[in-house]
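Inspection log for the structure reproduced underneath, given as structure tokens.
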Amino acid sequence: MPEALETHRMAPGSIVTERVVIVGAGLAALYAALELAPRPVLMISPEALGEGASSAWAQGGVAAAMAQSDSPEAHARDTEEAGAGTVDPEVAAMVTRLAREHILDLSALGAPFDRDAQGNYVMNREAAHSAARVVRVKGDQAGHQIMETLIAIVRETPSIQILEGTEALRLETEGTRTTGVWIRQAGPHSAPVLIRCPGVLLAGGGSGGLYAHTTNPPRIRGQVIGLAARAGAVIADPEFVQFHPTAVDCGEDPAPLATEALRGEGATLINAAGERFMQAVHPDAELAPRDIVARAIFAETQAGRRPMLDTRSALGSEVLTRFPALAETCKRAGIDPLSQPVPVAVAAHYHMGGIATDQNGRASLERLWVSGEAASTGLHGANRLASNGLLEALVYARRAAEDITKSLPAPATDAPEVEPVFIQGSAAMNPEAVAKLRQCMTDHVGVRRDGHGLRQALVTLAELELSQIEDEGFCNMCATATLIAAAALMRRESRGGHFRDDYPRPDPEQAQRSQITLAEALSLRAQVIEEARTRAGKETT
């Protein structure tokens, strides 16, 4: 066997393998690993498989036109309308057309979707959908149940190796070609180990944890987008961050989610005075697009009129059995949803932006594919339609797997398992620096933005990055945060999840997707810092 094809230690801290490396352990990563079988793959999972993945926390379900009265075309129209003018129509048509086959395939794998007595799928209606088309599992357990189904199959698949307790740190490249990925133990941190491989699929989640208030698992803090950006990958639409309107306001971090399906079932939003405030904001009231509901709830919070979700009339005692995740949250928080409304607040939930990909999941770097929330495919535009996230993860995981199979030569060996040797490395990430970064993003790059705050964010991010320059994980977070703030500063309008108080209206000339590299974002950041220094100098003279 030629040495170049043998899995072995090339040098201290370096391994070569014929396995495709999948960074992440959420729905997209699991689905892609199964789609690639029997091709050998190596999954990099920071925690035990299934833990800490946003997919497992998804409550609503998977959007798909399964009813006879519905159609992929209607689903695509709703996707484009919710996306506020920047959805790629070809992508929306493709994804919605493929939705049904993925639901059927998941069902065949054992996903326990809710069915009625006749065996039809039970579907919820969620915000901005023109029909009930969200396929659910036990009310609000879709993500968890689908993940459990796939994890069981993945663990029994011989071609899939899982390295739990490890995280990706940076990409190895030669020119524009991806040749490997550096990994380390997730905690305590080890010295990095390079895994040289034929290709990399990034499926490691979004960026919600960059904010102080988020519904995302603790590790989902933009690291995967950041490591790709630091390697030179093009990033698309980073300014578009979706803030979920109804995170339960009970002091937990991350904030528990009150699924949108509750409002689909008739739950209403009221303030401390008992007033329904959404009726005066939008014709669809509680079922208006998420960005509109989020800003309305944020306004109530800012005005001191605590917003709450009232399930009492619409669901009564059924809320405890049909929505067990909310019931458990209320129990922990000492809230009785049968007799009192549930306090809610806005929280960072989903990143529409990410690593730019084509319809096969290819990034701008060769031999790099992306699926799931870390990708920006053009499906979501400026504002993701409810429950399109899991659907996109499924569609692009399969398409990426198919493209990998076509693009990379078949392994010439049986690809033995990778056995990295980790040695003691750096200290844990500085919690104070992380807290400052998250608060900076919430204060200045949150649900409402303006030019002054965005410039201040860029200055603060530069200072934080410089103070932690030796910590590559933190630098990945800073890279993604900088991309979000820079793109938000450049987009002088309000559109979808991006709202600027100084430019409160959409500009038809800006109704297009954005693309930016980290080099461009850093150049803008340096310009902002220089302008701040110049102003400070003038004020002191």
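The values are calculated or read from the model by the stated rules, or taken from the named source; none is laboratory data. The structure displayed is predicted, hence computed values, not measured ones. Neighbour counts run over all protein chains shown; Cβ positions are idealised from the backbone, glycine included. The accessibility values were calculated without ligands, DNA or RNA, using every heavy atom of the protein model including side chains. Shrake-Rupley method; radii C 1.70, N 1.55, O 1.52, S 1.80 Å.
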Query raised in the report: Quick check, is ILE423 over 22 Å from the mean Cα position of the chain (by Cα) and open to solvent by less than 10 Å² (accessible area, probe 1.4 Å)?
Result: no
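For the condition in contact with a helix residue (DSSP H, G or I) (Cβ under 7 Å, 6 or more places away or on another chain), open to solvent by less than 60 Å² (accessible area, probe 1.4 Å) and free of Cβ contacts under 8 Å to residues at least 60 places away in the same chain, what is the one hit in ALA303, ALA258, ALA229, ALA327?
So the residue among ALA303, ALA258, ALA229, ALA327 that is in contact with a helix residue (DSSP H, G or I) (Cβ under 7 Å, 6 or more places away or on another chain), open to solvent by less than 60 Å² (accessible area, probe 1.4 Å) and free of Cβ contacts under 8 Å to residues at least 60 places away in the same chain is ALA327.
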Requested in this report: Kindly list the number of the only condition in (1) assigned to a helix (DSSP H, G or I); (2) surrounded by fewer than 15 Cβ atoms within 10 Å (Cβ to Cβ) that fails for GLY453.
Outcome: (2)
Query - Test for PRO337: is it open to solvent by less than 20 Å² (accessible area, probe 1.4 Å) and free of Cβ contacts under 8 Å to residues at least 40 places away in the same chain - result: yes
Query - Among the residues listed as LEU489, LEU524, the single one being in a helix (DSSP H, G or I), modelled with pLDDT of 95 or more, surrounded by fewer than 22 Cβ atoms within 10 Å (Cβ to Cβ) and not hydroxyl-bearing (Ser, Thr, Tyr) - result: LEU524
Query raised in the report: Of these, GLU239, GLU286, which one is among the charged types (D, E, K, R) and part of a loop (DSSP other than H, G, I, E, B)?
Result: GLU239
Query raised in the report: Among the residues of region 324-347, which ones are under 23 Å from the mean Cα position of the chain (by Cα), under 10 Å from CYS250 (Cβ atoms) and assigned to a helix (DSSP H, G or I)?
Result: THR329
Query raised in the report: Looking only at region 349-386, which residues are open to solvent by 10 Å² or more (accessible area, probe 1.4 Å), more than 20 Å from ALA25 (Cβ to Cβ) and hydroxyl-bearing (Ser, Thr, Tyr)?
Result: SER364
Requested in this report: Considering only region 183-204, state which residues are in contact with a helix residue (DSSP H, G or I) (Cβ under 8 Å, 6 or more places away or on another chain), part of a strand (DSSP E or B) and either without any contact (Cβ under 8 Å) to a residue 40 or more places away in the chain or open to solvent by less than 10 Å² (accessible area, probe 1.4 Å) (or both).
Outcome: LEU201, LEU202
